[in-house]
Amino acid sequence: MSSNKRRLPIKGMSENDDTLLQVIVAVTAQLAVARERVDTLETLLVRHGVLPADAVETFTGTDEDAQRRDTLRSTLVAKVMEPISNGMQADLERLENDHA
């Protein structure tokens with residue numbers, strides 16, 4: 001995850017905590033944008049008579065739908081967790097080198 005030069009550093013915050021904060025802010029921003037887009041799509045589909053208002057709430061997916069969603073979810077979680085895992089791995093390697 002790239003460093004955000006617009007955010008002021010927080011005194012005493014570790015590099016890993018800073019990375020975690022960046023991840024949380026980035027994910028929250030992306031979630032807000034995605035939620036707005038979903039709301040727009042749902043509104044347009046209902047407004048134009050393509051779907052009834054309760055179509056999303058009453059949707060029952062197939063096993064194929066569930067598998068596709070599981071793959072999407074796993075990919076997203078891996079992408080979000082990568083910088084956190086990398087930071088933790090770097091810390092572990094520093095500790096091992098300090099005690100070697």
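Every number here is computed from the coordinates shown, using simple stated rules; none is lab data. Keep in mind that this is a model prediction, so the values were computed, not measured. Please note: Cβ atoms are built from the backbone with ideal geometry, for glycine as well, and neighbour counts cover all protein chains shown.
A few points about this structure:
- Val23 being surrounded by 12 or more Cβ atoms within 10 Å (Cβ to Cβ), in a helix (DSSP H, G or I) and in contact (Cβ under 8 Å) with a residue 60 or more places away in the chain: yes
- Only residues that are surrounded by 10 or more Cβ atoms within 10 Å (Cβ to Cβ) and in a loop (DSSP other than H, G, I, E, B) were counted across segment 51-68, and they come to 6.
- Single unsatisfied condition, Ser74 versus (1) small (Gly, Ala, Ser); (2) more than 20 Å from Leu20 (Cβ to Cβ); (3) over 14 Å from the mean Cα position of the chain (by Cα): (3)
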